[in-house]
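Asks: A single structure is presented below for examination.
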Amino acid sequence: MRFILRRLGFYLIAFWASITLNFLLPRFMPGDPVSRMFARTQGKMQPEQIDALRKLLGVDDRPLWEQYIDYLHNIVTGNMGISISRFPAPVTEVIAAQIGWTLLLGGTALVIAAVVGNLLGILAAWRRGGAIDSALPPVLIFIGSFPYFWLAMGALYLFGVILGWSPLRHAFTDGLEPAFTWEFIGDVGAHLVLPALTIVLVSIGGWMLGMRNTMIATNSEDYITMAEAKGLRPGRIMFRYAARNAMLPSVTSFGMSLGFVVGGAMLTEVVFAYPGVGYQLLNAVQGLDYPLMQGLFLTITGAVLLANFLVDILYVRLDPRVRSN
């Protein structure tokens, strides 16, 4: 409990620091958001509109500490402001409408890549020099060297434009009413396959090599030799003894990747016009929607910190050495 409380305090301080930076950055930039919007509208905004917009964004003439207190109060109460590009929708509603698609895409790709990559790494390390160990790592590292967006554009052009096997854009077919029906679920799955596959292909090599290297070091431990001397089945030794102890670094990597799921699939979402957080962030930047940008940045930061805190709690369960510290 002492370890968990210490880590909780650390993450709360980190979250407060991210909130403070999220508050200060727009105010320390040259000019201010309202001036940029005024220039973009080519002077068509009236003075009373400018004053109302400054008050809406919290960048009026009040002292900085007073703006900061109001900003903290709004964050605590869940009020992130009004989206300018999606006016008059609140920022929280815009994010809530998009984050589910990002979790579906990024979460599906992460789980598949982590499970398959770790299994391949376990098998490759257990049978060093075999077919899996010799052939797959170079191929997967070669594929993983390509940027997300490059592989996504190539896959979209080949399977979507030329072969016509995959939908070209969005999370479901235009005109289809979202509902919990088999037709809608199947359509969402068809739109999900290609974007998720590109993320899996790029990331699976890292999972495999990480597990393989850890398993090779674990296989040389004395308790593995003892288990073999007892005559235990190779499969039991591989999974119950070697893989279980080699899994700890992968748990850490999975937790960090879980946090970055919220914003990590941005380029893939942009290529496939997938209506997730990353695609919405691009629209917010292009539309100078500062409240939405701040809300998205804070959501991504909170997701990363929360995922790492959950991993720390899981570590207490998996590694007894942590409980003794």
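The values are calculated or read from the model by the stated rules, or taken from the named source; none is laboratory data. The shown structure was predicted, so the numbers you read here are calculated from the model rather than taken from an experiment. Note that we place each Cβ from the backbone using ideal geometry, even for glycine, and neighbour counts take in every protein chain shown. Heavy atoms of the whole protein, side chains included, go into the accessibility calculation; ligands, DNA and RNA do not. Shrake-Rupley method; radii C 1.70, N 1.55, O 1.52, S 1.80 Å.
Asks: Are there any helices (runs of 4 or more DSSP H) wholly within region 216-288 with 2 or more residues that are closer than 30 Å to Thr301 by Cβ and open to solvent by 50 Å² or more (accessible area, probe 1.4 Å), and if so which?
Replies: Correct list: 248-264, 266-271, 277-286.
Asks: Sticking with this one: Got a sec? Which of Arg212, Arg169 is among the basic types (Lys, Arg) and under 19 Å from Ile112 (Cα atoms)?
Replies: Numbers: Arg169 fails: under 19 Å from Ile112 (Cα atoms).
Just a single option satisfies the conditions, and that option is Arg212.
Asks: Show the residue pairs that are 6+ apart or on different chains and have beta-carbon atoms under 9 Å apart, the first residue being within region 203-216 and among the polar types (S, T, N, Q), the second being open to solvent by 40 Å² or more (accessible area, probe 1.4 Å) and not in a helix (DSSP H, G or I).
Replies: Pairs that qualify, where the first residue is among the polar types (S, T, N, Q) and the partner is open to solvent by 40 Å² or more (accessible area, probe 1.4 Å) and not in a helix (DSSP H, G or I), are Thr214/Met247.
Asks: Being open to solvent by less than 30 Å² (accessible area, probe 1.4 Å) and out of contact with any Gly (no Cβ under 7 Å at 6 or more places or on another chain) narrows it down to one of Ala135, Ala124, Ala131, Ala96, so name that one. So that I can check it myself, show each step before the final result.
Replies: On the way: Ala135 fails: open to solvent by less than 30 Å² (accessible area, probe 1.4 Å); Ala131 fails: open to solvent by less than 30 Å² (accessible area, probe 1.4 Å); Ala96 fails: open to solvent by less than 30 Å² (accessible area, probe 1.4 Å).
Step by step, each of Ala135, Ala124, Ala131, Ala96 is checked, and only Ala124 is open to solvent by less than 30 Å² (accessible area, probe 1.4 Å) and out of contact with any Gly (no Cβ under 7 Å at 6 or more places or on another chain).
Asks: Could you grab me the full set of residues in region 72-93 that are open to solvent by less than 70 Å² (accessible area, probe 1.4 Å) and within 22 Å of Arg169 (Cβ to Cβ)?
Replies: Taking region 72-93 and keeping what is open to solvent by less than 70 Å² (accessible area, probe 1.4 Å), we get 72, 74-75, 78, 80-85, 89-92.
Of everything in region 72-93, just one residue is open to solvent by less than 70 Å² (accessible area, probe 1.4 Å) and within 22 Å of Arg169 (Cβ to Cβ), namely Ser85.
Asks: Are there any pairs with C-beta distances below 6 angstrom linking a residue in region 106-129 that is at pLDDT 85 or above to a residue that is open to solvent by less than 60 Å² (accessible area, probe 1.4 Å) and among the hydroxyl-bearing types (Ser, Thr, Tyr), with the two at least 6 apart or on different chains, and if so which?
Replies: Leu110/Ser257; Ala113/Ser203; Asn118/Ser250
Asks: Of everything in region 307-325 that's at pLDDT below 70 and either of a type in the set (S, T, N, Q) or open to solvent by less than 70 Å² (accessible area, probe 1.4 Å) (or both), which residue is nearest to Ala246 (Cα to Cα)?
Replies: Residues of region 307-325 that are at pLDDT below 70, as a first pass: 318-325.
Next, only the ones that are either of a type in the set (S, T, N, Q) or open to solvent by less than 70 Å² (accessible area, probe 1.4 Å) (or both) stay: 319, 322, 324-325.
Details: Asp319: 11, Val322: 16, Ser324: 20, Asn325: 21 Å.
Selected residue: Asp319.
Asks: If Tyr11 satisfies every condition in (1) part of a loop (DSSP other than H, G, I, E, B); (2) at pLDDT 70 or above; (3) more than 18 Å from Leu292 (Cα to Cα) but one, which is the exception?
Replies: With (1) part of a loop (DSSP other than H, G, I, E, B); (2) at pLDDT 70 or above; (3) more than 18 Å from Leu292 (Cα to Cα) applied to Tyr11, the lone miss is (1).
Asks: Hey, another quick one. For residues in region 164-185 being in contact with a Pro (Cβ under 8 Å, 6 or more places away or on another chain) and free of Cβ contacts under 8 Å to residues at least 24 places away in the same chain, which is most open to solvent (accessible area, probe 1.4 Å)? Spell out the reasoning first.
Replies: To start, the set of residues in region 164-185 that are in contact with a Pro (Cβ under 8 Å, 6 or more places away or on another chain) comprises 170-173, 184.
Next, from what is left, pick out any that are free of Cβ contacts under 8 Å to residues at least 24 places away in the same chain: 172-173, 184.
Details: Phe172: 32, Thr173: 64, Phe184: 25 Å².
Filtering region 164-185 for residues that are in contact with a Pro (Cβ under 8 Å, 6 or more places away or on another chain) and free of Cβ contacts under 8 Å to residues at least 24 places away in the same chain, the one most open to solvent (accessible area, probe 1.4 Å) comes out as Thr173.
Asks: Ok, one more. On the given criteria, is Leu194 open to solvent by less than 60 Å² (accessible area, probe 1.4 Å), touching a Leu at 6+ places or on another chain (Cβ under 8 Å), in a helix (DSSP H, G or I) and within 30 Å of Ser220 (Cα to Cα)?
Replies: On the way: open to solvent by less than 60 Å² (accessible area, probe 1.4 Å): yes; touching a Leu at 6+ places or on another chain (Cβ under 8 Å): yes; in a helix (DSSP H, G or I): yes; within 30 Å of Ser220 (Cα to Cα): no.
Considered against the rule, which asks whether it is open to solvent by less than 60 Å² (accessible area, probe 1.4 Å), touching a Leu at 6+ places or on another chain (Cβ under 8 Å), in a helix (DSSP H, G or I) and within 30 Å of Ser220 (Cα to Cα), Leu194 comes out as no.
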